[in-house]
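Here is the structure we will look at.
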Amino acid sequence: MKRDFIHITDFTTEEILATLDLAQDVKERFHRRETFHPFAGRSLAMIFAKPSARTRVSFETGFTWMGGHALYLSPNDIGIGKREAVKDIARVFSRYNDLIMARLFAHRHMEELAEHATIPVVNGLTDYNHPCQILADLFTIREHRTHLRELKVVYVGDGNNIVHSWLRLAARLPLEFVCACPEGYEPDPETVALARQNPDSSVSIVHTLEEAVAGADVIYTDVWASMGQKEEAEERARIFRSFQVTEAVMESTGKKTLFMHCLPAERGREVTDGVMEAPYSIVFDEAENRMHVQNAILLKLAGLG
Ligand code: CP
Ligand code: NVA
């Protein structure tokens, strides 16, 4: 049966860890500029309903390096769910291509795409989640800490798609996860409940920063207004003002803490320029690792890894 990667929880704990190991292997091959063509003669359709820098370039570069052909379909090309039904696109592309990667607004459209496609579908972000990002983040944390034991991640900001993927990761791996957000901007309660089903993880949602960051191994943030919410940006800038990640916040943890951001960052809003540029900031390692981890995910879904 074909497999999809729509949620982190589509993979078992063992599959998540095996994907990280495979990502390490493909990363080393890439750095050696090895010829590695497992996808020779195969194609990846990349459907974008929203803008992207990293997701587009990392999937396209990675799939091309692995010997395949990646097709970029811009927000104006398909009109998925508007010009044409999601389930029709799913079946048409399944006749041409070997894999689909999609970045969509509505999460139900991603699920519909996966349901009707006969080829694997990878989620490159929806309004609900961003699983490739969080798997790449986990890989990056493992690189820097060398292990994933006793990991405390404090996410500061909006309870958005990034948070939902962290929560789903907590459902699979032992994790102390804290989301510090303004009241009214909490993550989806059902996803919080799902994460709390894992007795080895601890999940808290709090409304102040100070206590939350104590002992953090990682402080993570994201934009306050996501794609599709940009008209709320000024209102959110006021509401989120006390949730900015500053040098003082980073230094208040009582521990050597890494700073992470999925990017793109709005410097001077959710994070200061100084934090972005500090030695503890690993944002560009995260961005690079998107490609290696996604290559591993594609290999796993295609039964090649
Ligand atoms: N982090 C991330 O997904 O970046 P893009 O929106 O540029 O793809
Ligand atoms: N929460 C952000 C993530 C971008 C990668 C957004 O959805 O715009």
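The values are calculated or read from the model by the stated rules, or taken from the named source; none is laboratory data. No experiment lies behind these values; they were computed from the predicted model shown. For neighbour counting, all protein chains shown are included, and Cβ atoms are generated from backbone atoms with ideal geometry for every residue, glycine included.
Those residues that are within 16 Å of ligand 1 (Cβ to nearest atom) and aromatic (Phe, Trp, Tyr), I need them from the stretch 7-61; list them, please.
Phe48, Phe59 - these are the residues of the stretch 7-61 that are within 16 Å of ligand 1 (Cβ to nearest atom) and aromatic (Phe, Trp, Tyr).
Every residue in the stretch 259-275 that is part of a helix (DSSP H, G or I) and either charged (D, E, K, R) or surrounded by fewer than 22 Cβ atoms within 10 Å (Cβ to Cβ) (or both), please. Write out each step before concluding.
Of the stretch 259-275, the ones part of a helix (DSSP H, G or I) are 273-275.
Those that are part of a helix (DSSP H, G or I) and either charged (D, E, K, R) or surrounded by fewer than 22 Cβ atoms within 10 Å (Cβ to Cβ) (or both): Asp273, Gly274.
Could you grab me the full set of residues in the stretch 203-230 that are touching a helix residue (DSSP H, G or I) at 6+ places or on another chain (Cβ under 7 Å) and within 16 Å of ligand 2 (Cβ to nearest atom)?
Result: Asp222, Trp224, Ala225, Ser226.
Being over 29 Å from His207 (Cβ atoms) and of a type in the set (Val, Ile, Thr) is the filter; apply it to the stretch 122-163 and report the residue that is modelled with the lowest pLDDT.
Across the stretch 122-163, the extreme among qualifying residues is Thr146.
Taking the residues in the stretch 139-162 that are β-branched (Val, Ile, Thr) and within 14 Å of ligand 1 (Cβ to nearest atom) as candidates, determine which candidate is surrounded by the fewest Cβ atoms within 10 Å (Cβ to Cβ). If you could, list the steps in order and put the result at the bottom.
Filtering the stretch 139-162 down to residues β-branched (Val, Ile, Thr) leaves 140-141, 146, 153-154, 156, 162.
If we keep only those that are within 14 Å of ligand 1 (Cβ to nearest atom) as well, we get 140, 162.
Values: Thr140: 24, Ile162: 27.
Taking the candidates together, the pick is Thr140.
Here is a list of conditions, (1) away from ligand 2 (no atom under 16 Å from the Cβ); (2) under 20 Å from the mean Cα position of the chain (by Cα), and Asp273 meets all of them except one; can you say which number that is?
(2)
Within the stretch 276-293, can you find the residues that are surrounded by fewer than 17 Cβ atoms within 10 Å (Cβ to Cβ) and either touching a Leu at 6+ places or on another chain (Cβ under 6 Å) or under 21 Å from Gly215 (Cα atoms) (or both)?
Answer for the stretch 276-293, where residues must be surrounded by fewer than 17 Cβ atoms within 10 Å (Cβ to Cβ) and either touching a Leu at 6+ places or on another chain (Cβ under 6 Å) or under 21 Å from Gly215 (Cα atoms) (or both): Ala278, Pro279, Tyr280.
Residues that are closer than 16 Å to Arg54 by Cα and away from ligand 2 (no atom under 16 Å from the Cβ): does the stretch 84-106 have at least one? Spell out how you get there, then give the answer.
Of all residues in the stretch 84-106, those closer than 16 Å to Arg54 by Cα come to 101-104.
Now restrict to residues that are away from ligand 2 (no atom under 16 Å from the Cβ): none.
Checked the stretch 84-106: no residue is closer than 16 Å to Arg54 by Cα and away from ligand 2 (no atom under 16 Å from the Cβ).
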